[in-house]
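The values are calculated or read from the model by the stated rules, or taken from the named source; none is laboratory data. These numbers come from a predicted model, not from an experiment. Here the Cβ positions follow ideal geometry from the backbone for every residue, glycine too, while neighbour counts run over all protein chains shown.
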Amino acid sequence: MRFSIWPTTAQPYADLHDAAAHAAATGWDGVWVADHFMPAAGSLDVPMLECWTVLAGLATTVERVRLGSLVAGNTYRHPAVLANMAATVDQLSGGRVVLGLGAGWQENEHTAYGIDYHDVAERLARLDEACAVVARLFADQRATFAGRHYRLADAPMEPKGVHGTVPLLVGGSGERVTLRIVARWADEWNTWGTPDVLAAKGAVLDRHCEDQGRDPATIARSAQVVVDLDGEHPFRRPMPAVQAGVAELQDLLHRYDEAGVDEFILPDWNLGRGAERRDALDRFLAEVAAPLRTAG
């Protein structure tokens, strides 16, 4: 299993960079960045860094680790613009970028910035077409696409990724539509949830892959919960979280592994800053994750 961190963008860039650089230097596998412009609730007077400019900064200053969006909101950028951004950041990183993409869900951002906010069915239809646009631009020398929402006309995209393409991760958990989009387009899939949730939804994804004539093993799977190791870092926001000791957390990770999860992503949102956070990351990697880490 791979282990990556998810530093909040609601902190100064110097602090985010400190977490990312420490992760790279100490053996973590990846750094993921959320794509939001403001909090979903509470005070709006909170600094919030923009996802893709953060990834560009990390690409040129943080070595070795994979870098990805978790996940870019499709409603915020035309997918052709996003594909060009991802290709450029991949060039800056030497080929370490993952383009994470989702339908977009945070309504208050759309309202504040005047971005059209459609119902769930419409946003998912746009996500499906956006994945097609991204795939065409990376695969074709000149891409043409005629959808209901997006169109390409003999469109170039050069340079492409360092390795030709950039892995596409689709985030979400909807079983009827979202997981069908994952089966059709994604190299990787991510969702929040416990091992039981990942196992159940993973089985649904497998069935969608069968319908698409695709080997489910070709889609890597990642998940995250907020971790409070030994009660040292309480967390009170409404996201999946677990408070446990080392043995219990290792059991949890084994259950994720049995559910088919290839990568566990640890949010840093409750781990403090500076030395406190570095110590928490070191302890998790050394004491909790070590028995499950993928060699190399």
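Do we have G213 as out of contact with any Pro (no Cβ under 6 Å at 6 or more places or on another chain) and closer than 24 Å to E188 by Cα here?
The answer is yes for G213.
Here are A146, A125, A121, A135: which of them is of a type in the set (A, V, I, L, M), more than 23 Å from the chain's Cα centre (by Cα) and farther than 26 Å from T61 by Cα?
Details: A125 fails: more than 23 Å from the chain's Cα centre (by Cα); A121 fails: more than 23 Å from the chain's Cα centre (by Cα); A135 fails: more than 23 Å from the chain's Cα centre (by Cα).
Exactly one residue qualifies, and that residue is A146.
Return yes or no: is A19 at negative phi and in a helix (DSSP H, G or I)?
Taking the combined requirement at face value, the residue satisfies it.
Looking at (1) part of a loop (DSSP other than H, G, I, E, B); (2) closer than 25 Å to D262 by Cβ, which is the one condition that is false for A40?
(2)
Would segment 211-226 turn up any residue that is farther than 30 Å from R64 by Cα, modelled with pLDDT under 95, among the basic types (K, R) and out of contact with any Cys (no Cβ under 7 Å at 6 or more places or on another chain)?
No: segment 211-226 contains no residue that is farther than 30 Å from R64 by Cα, modelled with pLDDT under 95, among the basic types (K, R) and out of contact with any Cys (no Cβ under 7 Å at 6 or more places or on another chain).
I'd like to verify a number: residues in segment 157-172 that are in a loop (DSSP other than H, G, I, E, B) and crowded, with 18+ Cβ neighbours inside 10 Å, how many?
Residues of segment 157-172 that are in a loop (DSSP other than H, G, I, E, B), as a first pass: 157-160, 162, 166-167, 172.
Applying the additional criterion that residues be crowded, with 18+ Cβ neighbours inside 10 Å yields 157, 160, 166-167, 172.
Qualifying residue count, segment 157-172: 5.
Taking into account only those residues within segment 43-69 that are without any contact (Cβ under 8 Å) to a residue 40 or more places away in the chain and over 27 Å from R237 (Cα atoms), which is surrounded by the fewest Cβ atoms within 10 Å (Cβ to Cβ)?
The residue in question is T60.
Being without any contact (Cβ under 8 Å) to a residue 12 or more places away in the chain and of a type in the set (A, V, I, L, M, F, W, C) is the filter; apply it to segment 145-178 and report the residue that is farthest from V133 (Cα to Cα).
Within segment 145-178, the match that is farthest from V133 (Cα to Cα) is A153.
Six or more apart or on different chains, Cβ under 6 Å: which pairs go from a residue in segment 70-99 that's over 20 Å from E188 (Cβ atoms) to one that's of a type in the set (S, T, N, Q)? Could you list them?
Sorted first by the residue in segment 70-99, then by its partner, the pairs are L92/T60.
What are the pairs with Cβ atoms under 8 angstrom where one residue, in segment 229-248, is more than 22 Å from T8 (Cβ to Cβ) and touching a residue at least 12 places away in the same chain (Cβ under 8 Å) and the other, located anywhere, is surrounded by 14 or more Cβ atoms within 10 Å (Cβ to Cβ) and of a type outside the set (K, R)? Sequence gap at least six, or different chains.
Matching pairs, first to second residue: G245/L229; V246/L229; V246/E287; V246/V288.
What pairs come out if I take residues in segment 199-225 that are of a type in the set (S, T, N, Q) and pair them with residues that are at pLDDT 95 or above and part of a helix (DSSP H, G or I) whose C-beta lies under 7 Å away, six or more apart or interchain?
Listed by first residue and then by second, the contacts come to Q212/A183; Q212/R184.
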